[in-house]
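Single-structure report; data block below.
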Amino acid sequence: MSDLIKKAIFPAAGLGTRFLPATKASPKEMLPIVDKPMIQYGVEEAISCKINEIVIITGKHKRNIEDHFDYAFELEAKLKKSGKKNLINEINRLSKVKIAYIRQGYALGLGHAISCAKPFVNNEPFAVILSDDIIDTGDTLLKDMVALYKKLRSPILALESVPVSEIHRYGVIGGVKEWDGVYRINELVEKPSAETAPSDLAIIGRYILTPDIFEILERSRPGKGGEIQLTDAIATLLKQRPVYGYLFKGKRYDAGDKLGYLKATVDFALKNPELSGQFSAYLMEVAKKLKH
Ligand code: G1P
């Protein structure tokens, strides 16, 4: 098996219920953070790790994801006429990336979504990117995981230490620290209560997995919330081979949650050279009003 990670799976067939009604007829992954849809941040992150083969698991109402990563000829012609060359480059920048789309008929859970990508993955290790977990553009989480995979040749899950009050929203690991930032996992629980969680180390949306996960996923029964859970399948994989956790200490936004989405929007707007000056002045005005 190759030690190069060339492929990434983006599950994007969820119903996005936390953002209704915005997600009634259009996918959560297309909600913009400033001027790019959420999923584009993840795709750019994959490309920055030299992962150039991408499969997006889509579902109903997801066709505009496909349109987004395609050439936009009409728009291009209009922009050409009005001399907006920079925008042409920007809208077509990602259209050369190889992206395959697989439709997940029923949203049966994250584990099921990953299993739909089996024909695309063959016998290679691959990355999973959950695009509503947005990693700050200055951080190198996935790159570090890819490098670690070359050393360990075992599945690796990105971890973050989260407050007890939030633990019930995540898959949580129990494990032993192997060296700084790297844990050998010995237990995995999907969305435990604070009392039963094995630690405060939550799985965040970056995984490097090996193809032996597919056989387990195919046999998986519904778990938490009646869904086929990736966490449960990895818990079974643990009995067959070592699985590691990599502790991320940078900045992640849970943009699948309204507050996290707003935080990402504010921080990315502040980093945007066209907006930062006026936007920070506006935020200061707002902050002043809130103090009163
Ligand atoms: C999924 C996984 C969970 C993980 C989380 C990270 O949950 O099932 O284990 O901790 O992503 O964002 P979801 O957010 O889809 O409910």
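The values are calculated or read from the model by the stated rules, or taken from the named source; none is laboratory data. Computed from a prediction, not measured in an experiment: that's the story for all the values here. A quick note on method: Cβ atoms are made from the backbone with ideal geometry, for glycine too, and the neighbour counts reach across all protein chains shown.
Quick look at the numbers
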quantity: Hits in the range 173-204 - residues which are within 14 Å of the ligand (Cβ to nearest atom) and among the hydrophobic types (A, V, I, L, M, F, W, C); calculated: 173, 185, 188, 189, 197, 201, 202, 203, 204
quantity: Single match in 102, 51, 91, 57 (criterion: among the β-branched types (Val, Ile, Thr), within 28 Å of residue 141 (Cα to Cα) and in contact with a Ser or Thr (Cβ under 9 Å, 6 or more places away or on another chain)); calculated: 102
quantity: Sole exception among (1) of a type in the set (Val, Ile, Thr); (2) over 18 Å from residue 109 (Cβ atoms); (3) more than 10 Å from the ligand (Cβ to nearest atom) for residue 236, by number; calculated: (2)
quantity: Some residue of the range 149-172 being more than 10 Å from the ligand (Cβ to nearest atom), over 22 Å from residue 229 (Cβ atoms) and surrounded by 21 or more Cβ atoms within 10 Å (Cβ to Cβ); calculated: yes
quantity: Pairs where the first residue, in the range 170-189, is without any contact (Cβ under 8 Å) to a residue 12 or more places away in the chain and the second is assigned to a strand (DSSP E or B) and within 16 Å of the ligand (Cβ to nearest atom), C-beta under 6 Å, 6+ apart; calculated: 177/183
quantity: Candidate set from the range 1-14 (those that are outside any strand (DSSP E or B) and away from the ligand (no atom under 11 Å from the Cβ)); member that is nearest to the chain's Cα centre (by Cα); calculated: 12
quantity: Qualifying position, being assigned to a helix (DSSP H, G or I), touching a Lys or Arg at 6+ places or on another chain (Cβ under 6 Å) and at pLDDT 95 or above, among 214, 279; calculated: 214
quantity: Count of residues meeting criterion [over 26 Å from residue 262 (Cα atoms), out of contact with any strand residue (DSSP E or B) (no Cβ under 6 Å at 6 or more places or on another chain) and surrounded by 18 or more Cβ atoms within 10 Å (Cβ to Cβ)] in the range 126-148; calculated: 2
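Residues checked against (1) within 22 Å of residue 27 (Cα to Cα); (2) surrounded by 15 or more Cβ atoms within 10 Å (Cβ to Cβ); (3) not hydrophobic (A, V, I, L, M, F, W, C):
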{"site": "45", "(1), (2), (3)": "yes, yes, yes"}
{"site": "50", "(1), (2), (3)": "no, no, yes"}
{"site": "55", "(1), (2), (3)": "yes, yes, no"}
{"site": "60", "(1), (2), (3)": "yes, no, yes"}
{"site": "68", "(1), (2), (3)": "yes, yes, yes"}
{"site": "81", "(1), (2), (3)": "no, no, yes"}
{"site": "85", "(1), (2), (3)": "no, no, yes"}
{"site": "90", "(1), (2), (3)": "yes, no, yes"}
